[in-house]
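The values are calculated or read from the model by the stated rules, or taken from the named source; none is laboratory data. Since this is a predicted model, take the numbers as computed values, not measurements. Here the Cβ positions follow ideal geometry from the backbone for every residue, glycine too, while neighbour counts run over all protein chains shown.
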Amino acid sequence: MAAALDTRVPSRSDALLQVAAFVVVVAALHAAASVLVPIAMALLLAVVSAPPLTWLEKRRVPEPVAAALVLFANIAVLSAGASVVASSATEFGEAVPRYQARVDVVAAELTEWLRAHHFRVPTGAITQMISPGAVLSFGAGMIRDLAGLVSNIFIVLLILGFMLFEARTFSRKLRALAGERGGYVGLFPGIVGDVQNYLFIKTVVSIAVGLLAGLIVYVLGVDFALLWGLVAFLLNYIPNVGAIIAGAPPVFFALLSHGPGRALAVAAGFLVVHTVLGNILEPAWMGRRLGLSATVVFLSLLFWGWLWGPAGMFLSVPLTMVARILLEGSEKTRWIAVLLDSSAPGDPGDPPIGPLSVKAAQAGPQSVKAAPAAEEPKDDA
């Protein structure tokens, strides 16, 4: 067991070298964001597309045909999302004058209420504070961010197409490179499996969140129900803060359109959906598969969001999972993987941390052979 877990902290010089290397790598990732972000998005879609591609090939669908079908499915889904964003952006612009009038009414009522309670409020101060340019900037900025991700769809799909058509060849190359020793290449199946499990659970939960959020907004009569459902679906991939960001715009629009009662109802509906699905169902379903502590998840969200913007926020958890598994593959960096892990070494029932445990998990229980019994000394008599 001790050989499988090496958590020795490096010396001061080694730690300084690792920090310097980390700074150089981060600077390179930040400088090459325009190139690396589409590649990372394409890799993520390729990982998601691998199970249906394998399913088609097992049913004797030729590899090129299966890859083309999966690629067309990705194109259809992304095109539908892009069309919803584009149409909602147009409706958003057309609705600004209507909400401008509503903002003026709310500001006047609030000013009169404050003055009645002996608060000195200059005329027009509240209108300037909550002008449509200010109050709608959050929702408009969200749509711009989504449109920014959509703008790279063509490049992402082009890269994805090459990956899908060469998926089988690439997997054979990996098996040939891994050989018997494995190394970092041998960790690739484990990385793909962990990311696929996470994305499958997260996608199912996000679909449920998006459908329920859109239904709540639609039933309560708030505008742009389809858009807020799509936003709730997408932002559910962003841990910790995604639910708050997704719920703020519909609550605000409900406040402007129907008053505080309807806004509280929307907020309560979003709170119930995210509490039940995001904080109870999803952790229970995912269990310990994520392998990252809550603090690490939040810090990774800040780090990747700063590094690559909205795309980095969507990719923060999968990228950190990949980094943790790769760090486990070296004795010099395994201590960092232990810090990133959600459990401490030695917890009851926890598997050993390190590449040996990864390989054992990939091989399954059938590969665990019992050690040969020691030979009993022969009795010469």
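Please enumerate the residues belonging to region 55-74 that are loosely packed, with under 14 Cβ neighbours inside 10 Å and in a helix (DSSP H, G or I). Break it down into steps so the answer makes sense when it comes.
Quick first cut of region 55-74, residues loosely packed, with under 14 Cβ neighbours inside 10 Å only: 55, 58-60, 62, 64-65, 72-73.
Scanning region 55-74 gives Trp55, Lys58, Pro64, Val65, Phe72, Ala73.
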In region 80-106, what count of residues is obtained for those that are in contact (Cβ under 8 Å) with a residue 40 or more places away in the chain and of a type in the set (Ser, Thr, Tyr)? 2
Answer with yes or no whether Val217 is more than 25 Å from Leu44 (Cα to Cα), among the β-branched types (Val, Ile, Thr), touching a residue at least 40 places away in the same chain (Cβ under 8 Å) and out of contact with any strand residue (DSSP E or B) (no Cβ under 6 Å at 6 or more places or on another chain). yes
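Hey, can you tell me all the residues within region 42-56 that are of a type outside the set (A, V, I, L, M) and touching a residue at least 60 places away in the same chain (Cβ under 8 Å)? Can you show your working first?
The initial filter retains those residues of region 42-56 that are of a type outside the set (A, V, I, L, M), namely 49, 51-52, 54-55.
Listed by number, the residues that qualify are Ser49, Pro51.
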Among the helices (runs of 4 or more DSSP H) confined wholly to region 203-291, which include 3 or more residues that are at pLDDT below 90, under 25 Å from Leu301 (Cβ atoms) and not basic (Lys, Arg)? 225-235, 242-258, 282-286
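The rows are residues; the columns are (1) in contact (Cβ under 8 Å) with a residue 40 or more places away in the chain; (2) closer than 30 Å to Ala31 by Cα; (3) among the small types (Gly, Ala, Ser).
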residue: Gly221; (1), (2), (3): yes, no, yes
residue: Ala225; (1), (2), (3): no, no, yes
residue: Gly259; (1), (2), (3): no, no, yes
residue: Leu271; (1), (2), (3): no, no, no
residue: Leu277; (1), (2), (3): yes, no, no
residue: Glu282; (1), (2), (3): yes, no, no
residue: Ser300; (1), (2), (3): no, yes, yes
residue: Phe303; (1), (2), (3): no, yes, no
Residue by residue through region 228-252, note down the ones that are free of Cβ contacts under 8 Å to residues at least 60 places away in the same chain and touching a Gly at 6+ places or on another chain (Cβ under 8 Å). Trp228, Gly229, Ala232, Phe233, Leu235, Asn236, Ala243
Select from region 150-201 the residues that are at pLDDT 80 or above and not in a helix (DSSP H, G or I) and list them in ascending order. Glu166
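Going by what's in this entry, would Val77 be described as farther than 22 Å from Ile336 by Cα, modelled with pLDDT of 85 or more and in contact with a Ser or Thr (Cβ under 9 Å, 6 or more places away or on another chain)? Don't jump to the end; show me each part of the working.
Details: farther than 22 Å from Ile336 by Cα: yes; modelled with pLDDT of 85 or more: yes; in contact with a Ser or Thr (Cβ under 9 Å, 6 or more places away or on another chain): no.
So Val77 does not fit the description; no.
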Quick check on region 100-119: of everything there that is surrounded by 12 or more Cβ atoms within 10 Å (Cβ to Cβ) and among the β-branched types (Val, Ile, Thr), which residue is nearest to Phe253 (Cα to Cα)? Val103
